[in-house]
Amino acid sequence: MSTESIVVRGARVHNLKNIDFSIPHNTLTVVTGVSGSGKSSLAFDTIYAEGQRRYVESLSAYARQFLERIEKPEADVIDGIAPAVAIRQKNSTRNPRSTVATATEIYDYLRLLFARVGRTFCLKCGLEVKKDSVDEVATDLAEFLGAVLGFYLLFHIPLLPAALVTGITVFLILASELYGFRRLEQVIMGFVFGISACYAIEIFLAKPDWAQVVHYVAVPHLTSGSVYIAVGMLGATVMPHVVYLHSALVQARLKEDNFTCPTGQYLKKLRHAHYELIDVLAAMNGAWLVNSAMIIMAAAVFAHAGRPVVTIEQAHETLKPLLGNLSATAFAVALLFSGLSSSTVGTMAGQVILEGFLDVKISIFLRRFLTMLPAIAVIAAGLDPLKILVLSQVVLSFALPFALVPLILLTRRGDLMGDLVNNSRTNWLAYLTVAVILGLNGLLLYQTFGGKF
């Protein structure tokens, strides 16, 4: 096929008598002549007809059976032609806004092409516009609503103003990074220690049966009534985006190591892996202990006293007569600190993913403002914050394998990880962990669609 021009040899359609000609590609070519000289025969009945015939021949046999058969134009050679569009001289529409694209319906295909393949950029900041995935929205809801409920219970602020106060507080926490990453890290650690202290007070006041606690930690039980909460707590403890945050957090500790020799670079990798291990172990086990304390306290207080709790306000108010005002205050403070810290960490994790994986530069304050909007909309709509909070955490559990599976596939590759590649024991433990997560998610889906166990 000619790439420079359309070549026709020996055209014999209607008035054409063995005409040879070539039409260059990517140019505007006008065919002129007196009436009856064969202009239409050349343009429509030869060039366009052959382009349409080749297009129809490229379709499947099933599609061709619904189309009228197109005969091959009389010519010795027709080369360099692609599927063609013909526009007659007659104006088929009176719309003054009609164009070649709308008249030939190419516009519909172009619109679909740009919508599916094209990339949208903001006219003001120049950044690419991306839609949030389901897990990103769920993450923002789970992080933000906890702090809103904490302000609501602790200071008796209505939910919508509490959401605005939460947003301002998170902005102030993020602004502490302007004084150095260590300062922001210290703020987050302060929240974590505050949460731990609050639940230590709750456990001390609740006085649980530790023999029962040890038994059910060693021999866990899962029933149809607890699988939804179990999956939600899994998503709340191991949020997908935070998996990628831990390695970024420890990088700030290694900036002072500017080794250039191979040995120094290798030692830097080992130090990074060491810090990463400490960070992950501390974060995951800390989250497990806090969530375990929540369950132990709820079982020892609400279940033991026969007080079913269905709302966050009811839980707060029930603690007062059972354990006193200190317990109710500690509960609200823990909820507030947890929401503020997770909201801050979630914003940082999103920033790491945007800048490190997608190479998208955006202000962390602007991103936090935009991701606050779904939570504020939920509150303004009057939906139950506790139900939305638990639902968002369940969604995070379903999103978790999409973060862990690629991570396992990458870290098991020796050509990529070098000396830091996973050993077989680490790989099998990772496979087991993902299998448990998938099993819990599958069990919840089974129950949702009518299954019983």
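The values are calculated or read from the model by the stated rules, or taken from the named source; none is laboratory data. These figures come from a predicted structure and were not determined experimentally. Ideal geometry is used to build each Cβ from the backbone, glycine not excepted, and the neighbour counts take in all protein chains shown. The accessibility values were calculated without ligands, DNA or RNA, using every heavy atom of the protein model including side chains. Shrake-Rupley method; radii C 1.70, N 1.55, O 1.52, S 1.80 Å.
Points worth noting:
- Filter pass, Gly225 being modelled with pLDDT under 80 and more than 22 Å from Ala334 (Cβ to Cβ): yes
- Reported count of residues in segment 1-24, each being open to solvent by 50 Å² or more (accessible area, probe 1.4 Å), of a type outside the set (A, V, I, L, M, F, W, C) and out of contact with any helix residue (DSSP H, G or I) (no Cβ under 7 Å at 6 or more places or on another chain), is 9.
- Considering Asp419, Asp384, the condition of being at pLDDT below 85 and surrounded by 12 or more Cβ atoms within 10 Å (Cβ to Cβ) is satisfied by Asp384 alone.
- Between Leu340, Leu396, Leu438, the distinction of being under 23 Å from the mean Cα position of the chain (by Cα), open to solvent by 80 Å² or more (accessible area, probe 1.4 Å) and not charged (D, E, K, R) belongs to Leu438 only.
- Where Leu429 falls short, out of the listed (1) within 18 Å of Gly232 (Cβ to Cβ); (2) out of contact with any helix residue (DSSP H, G or I) (no Cβ under 7 Å at 6 or more places or on another chain); (3) of a type in the set (A, V, I, L, M): (1)
- Checklist (1) at pLDDT 80 or above; (2) farther than 30 Å from Ala403 by Cα applied to Ile173, failing item: (2)
- Filter pass, Ala103 being surrounded by 12 or more Cβ atoms within 10 Å (Cβ to Cβ) and modelled with pLDDT under 70: yes
- Single residue of segment 323-333 satisfying the filter (out of contact with any Ser or Thr (no Cβ under 9 Å at 6 or more places or on another chain) and either open to solvent by less than 10 Å² (accessible area, probe 1.4 Å) or closer than 21 Å to Asn291 by Cβ (or both)) that is modelled with the lowest pLDDT: Leu323
- Some residue of segment 20-33 being in a loop (DSSP other than H, G, I, E, B), more than 47 Å from the chain's Cα centre (by Cα) and closer than 17 Å to Asp79 by Cβ: yes
- Checking each residue in segment 1-17 for being at pLDDT 85 or above and more than 12 Å from Pro73 (Cα to Cα) picks out Ser5, Ile6, Val7, Lys17.
- Failed item in (1) among the aliphatic types (A, V, I, L, M); (2) open to solvent by less than 40 Å² (accessible area, probe 1.4 Å); (3) in a loop (DSSP other than H, G, I, E, B); (4) modelled with pLDDT under 70, with Leu123 passing the rest: (2)
- Of all residues in segment 43-68 being charged (D, E, K, R) and modelled with pLDDT of 75 or more, the one that is least open to solvent (accessible area, probe 1.4 Å): Glu50
- Only one entry in Ala430, Ala403, Ala375 is open to solvent by less than 60 Å² (accessible area, probe 1.4 Å) and either under 27 Å from Tyr152 (Cβ atoms) or part of a loop (DSSP other than H, G, I, E, B) (or both), namely Ala375.
- Against the list (1) of a type in the set (A, V, I, L, M); (2) open to solvent by 60 Å² or more (accessible area, probe 1.4 Å); (3) farther than 28 Å from Ala230 by Cβ, the condition Leu409 fails is (3).
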